[in-house]
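These notes concern the structure reproduced below.
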Amino acid sequence: MGPRIDALRFRDDFEALSQAGATPEGGVSRPTFSDAHFAARRLFRDRAEAAGLETSVDGAGNHSAILRSPRAEGDRRLLLGSHLDSVPGGGRFDGALGVVAALNVLHAVRDAGLELPVHLEAVDFTDEEGTLVGLLGSEALAGVLEPEALRSPRGGVEALCRGMGRAGLTEESVLGARRDPSSLAGYLELHIEQGLRLERAGVQIGVVTGIVGARSFLLAFEGHANHAGTTPMEERRDAGAGAASFLLGAREIAMRDFPGAVATVGQMRLEPGAFNVVPGRAEVALEFRSLDAGQLDAMEAALLARAREDAERFGLGLAVEPVARWAPTPLDPGVQGAVVRAAESLGLSYVTLASGAGHDAQALARVCPSGMVFVPSVGGVSHDPRELTRWEDCLNGANVFLLAALDLVGA
Ligand code: GLV
Ligand code: MN
Ligand code: MN
């Protein structure tokens, strides 16, 4: 038998990380640059250092553990990673499983005494979830982060400045985190599926073929705030009514006209926000995703047309601010092949599937051969404390991850 993940160490690392930002509901809450997020990153670094691995933090705050190989030429590295930040009130597995697995791949390679033709680097990327920007660390490292993304971040400019200040980052340092693409031998990420397909099919491993594209917009419906008791219904310019109508319209449009795609209003803010005031302004966070770039264009046109109709119907103004734009990303067929061979050699069942969630792999895929391994999510639940992947599946996934990484570098 070749090298394998040390199951006890892997689990111990995972359980320890689950304590950082643990919530009473059984999940974790580690928004980017919160105390809990810093604690998780420190733990990753401490464990890597305690194991005698080299560690580093780059200008985007990405934390790395590095296993150098005396056989490697120059500084070429195979990157393995994911993220330790979470959505507020999230689960323990999203991102953390991949980071812990990456660290344990380094341990397994070293324990087996393997000398690879490249160095191995386990990376905890900054702000994958988009508390501030989304894919901030991975896009910075890949050199594909648009400076504009730092000017109109999803989490707001104030939160981004505060967070970057806490982490000791500047715009210059973040953009300076770019790696020379020729130093990147490839990128591999283990992640929970966050959906129902593997569980429903009774399959152990997902070989990821691509990642959906996503676009997000902030829509502001502008009406007139007024007294909720004395303003007759027909005379209101109720921004909340426009926003609510849009929410239902977006759902209808996605379901009726764009099968396979999704549209979400994930946040709505009514101002001034009181029982007894007709809302004068409503802010709506709209996001939609599809694997097909043409479909994204068509959805954008249909959804924004619907927002304009709703504004007109309720006598409102409308301001549209584009917030983020991620293109659909196919993953490297060669990396998919390595994952398939790894699953086959371990006697595990697998299927190919596309990811509906965003991942750091989509940033790395723009500059080096990249791929992902999925493991089943119980009940398809994610971004929630009930998020769960059976331990046996986590371990299977980590071993596929290990063997695929070795295959990729020809070891
Ligand atoms: C990240 O988890 C996303 O897909 O939004
Ligand atoms: Mn994730
Ligand atoms: Mn997530």
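Can you bin region 170-239 into rounded, prolate or oblate? Criterion: square roots of the alpha carbon gyration tensor eigenvalues sorted a ≥ b ≥ c, rounded for a/c under 1.5, prolate for a/b above b/c, oblate for the rest. Write down the numbers at each step before the final one.
On the way: a/c = 5.07, a/b = 1.77, b/c = 2.87.
Since a/c reaches 1.5 but b/c is at least a/b, the shape of region 170-239 is classed as oblate.
Mind pulling the angle between the C-alpha long axis of helix 7-18 and the longest principal axis of the chain? Nearest 10 degrees, somewhere in 0 to 90.
Helix 7-18 sits roughly 30 degrees off the main axis of the chain.
Relative to the compact-globule scaling 2.2 N^0.38 Å, provide the ratio for the alpha-carbon radius of gyration of the chain. Working shown, then result.
Working: Rg = 22.5 Å, N = 411, 2.2 N^0.38 = 21.7 Å.
It is 1.04.
I'd like the Karplus ³J(HN,Hα) series for region 132-143: coefficients 6.51, -1.76, 1.60, θ = phi - 60°, whole numbers in Hz, and an x wherever there's a Gly or Pro.
Computed from phi, the couplings for region 132-143 are 10, 10, x, 6, 4, x, 6, 5, 5, 4, 6, x Hz.
Express the relative contact order of the chain as a whole percentage, based on alpha carbon pairs under 8 Å and six or more residues apart in sequence.
On the way: 949 pairs, mean separation 90.0, N = 411.
With pairs under 8 Å counted, the relative contact order is 22 percent.
Tally Lys and Arg at +1 and Asp and Glu at -1 over the other residues with C-beta under 10 Å from the C-beta of His224: what net charge comes out? Can you show the working numbers first?
Working: positive: Arg236, Arg237, Arg281; negative: Glu222, Glu235, Asp238.
Local charge sum for His224: 0.
Give the Rg/Rh ratio for region 1-142, taking Rg as the radius of gyration of the Cα atoms and Rh as the Kirkwood radius, to two decimals.
Answer for region 1-142: 0.98.
Taking H placed 1.01 Å from N in the peptide plane, check which residues at least 5 places from Gly186 or on another chain put their amide H under 5 Å from its amide H.
Leu79
Compute the acute angle (0 to 90°) between the alpha-carbon long axis of helix 239-257 and the principal axis of greatest extent of the alpha-carbon atoms of the chain; round to the nearest 10°.
For helix 239-257, the angle is close to 50 degrees.
Over region 123-269, with a single point scatterer placed on each C-alpha, what log10 of the ratio I(q)/I(0) does the Debye formula yield at q = 0.08, 0.09, 0.14, 0.15 1/Å?
So the normalised log intensities work out to -0.39, -0.49, -0.97, -1.04.
Give the angle, between 0 and 90 degrees and rounded to the nearest 10, that separates the Cα long axis of helix 96-111 from the longest principal axis of the Cα atoms of the chain.
Value to nearest ten degrees: 10.
Wrap a convex hull around the Cα atoms of region 260-411, take a quarter of its surface area, and give that in square nanometres. List each step's numbers first, then the result.
Values: hull surface 50.6 nm².
Approximately 12.7 nm², given one-decimal rounding.
How large, in percent, is the carbon and sulfur part of the accessible surface of the chain at a probe radius of 1.4 Å?
On the way: 8740 of 16890 Å².
About 52 percent, which is the carbon plus sulfur part of the accessible surface.
In terms of modelled amide H atoms, which long-range or inter-chain residues lie less than 5 Å from the amide H of Val262?
Distant-sequence amide H within range of Val262: Arg289.
Averaged per residue, what accessible area in Å² does the chain show with a 1.4 Å probe, protein chains only?
Working: 16890 Å² over 411 residues.
I get 41 Å² per residue for this part.
Using θ = phi - 60° and the Karplus curve 6.51 cos²θ - 1.76 cosθ + 1.60, what whole-Hz ³J(HN,Hα) does each residue of region 82-94 get, with Gly and Pro shown as x?
So the Karplus estimates, Gly and Pro as x, are 4, 9, 9, 6, 9, 5, x, x, x, x, 7, 9, 4 Hz.
Calculate for the chain the 222 nm mean residue ellipticity that helices alone would give, adding -39,500 (n - 2.57) per DSSP H run of length 4 or more and normalising by residue count, nearest 500 deg cm²/dmol. Don't skip to the end; give the middle numbers.
Numbers: 13 runs with 152 residues, N = 411.
So the helix-based figure for the chain works out to -11500 deg cm²/dmol.
Between Arg166 and Glu312, what's the calculated FRET efficiency when r is the beta-carbon distance and R0 is 35 Å? Round to 0.05. Provide the component values of the computation, followed by the final result.
Working: r = 43 Å, r/R0 = 1.24.
E(calc), rounded to 0.05, equals 0.20.
Return the distance in nm (one decimal) between the two label points of a simple spin-label model at Asp46 and Glu234, each offset 7 Å from Cα along Cα→Cβ.
Roughly 6.8 nm, to one decimal.
Given H placed on each backbone N at 1.01 Å, which residues far from Asp292 in sequence or on other chains put an amide H within less than 5 Å of it?
Those qualifying (amide H under 5 Å, at least 5 residues apart or on another chain) are Gly213.
The values are calculated or read from the model by the stated rules, or taken from the named source; none is laboratory data. These figures come from a predicted structure and were not determined experimentally. FYI the Cβ positions are ideal-geometry reconstructions off the backbone, even for glycines, and counts take in every protein chain you see. Each accessible area value is taken on the protein alone, full model and side chains, heavy atoms only, with ligands, DNA and RNA left out. Shrake-Rupley method; radii C 1.70, N 1.55, O 1.52, S 1.80 Å.
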